[in-house]
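In what follows, a single structure is set out as structure tokens and then discussed.
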Amino acid sequence: MAIIVNLDVMLAKRKMSLSDLSEKVDISIVNLSILKTGKAKAVRFSTLEAICRALDCQPGDILEYAPDKE
């Protein structure tokens with residue numbers, strides 16, 4: 001996959017647990033876990049905005065593009 005999700009890195013930098021983030025953004029731990037592990041197929045901008053607000057970061061801090069190796 002060409003999009004890497006660095007949510008776990010940002011959570012560690014902010015010393016926040018997934019359950020804390022879940023409460024702040026009102027998204028289930030299960031859905032956040034799916035996003036964190038890179039298994040999500042899509043993410044709503046409103047969800048991304050809420051996560052960025054809670055973690056005080058930019059979308060680029062959470063999502064990274066890495067070209068597939070050929």
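Bear in mind that the values in this text are calculations on the coordinates, not laboratory data. These numbers come from a predicted model, not from an experiment. Don't worry about glycine lacking a Cβ; one is built from the backbone with ideal geometry, like all the others, and counts go over all protein chains shown.
Using only the alpha carbons, work out the radius of gyration and Dmax of the chain in angstrom.
11.8, 40
Amide H neighbours of Asn6 under 5 Å, at least 5 residues apart or on other chains, H built in the peptide plane: list them.
Close amide H contacts, sequence-distant or interchain: Leu63, Glu64.
Hey, for a label at Glu23 modelled as a point 7 Å past Cα toward Cβ, could you say which residues of region 40-70 have their backbone N under 13 Å away?
Taking a point 7 Å out along Cα→Cβ of Glu23, no residue of region 40-70 has its backbone N under 13 Å.
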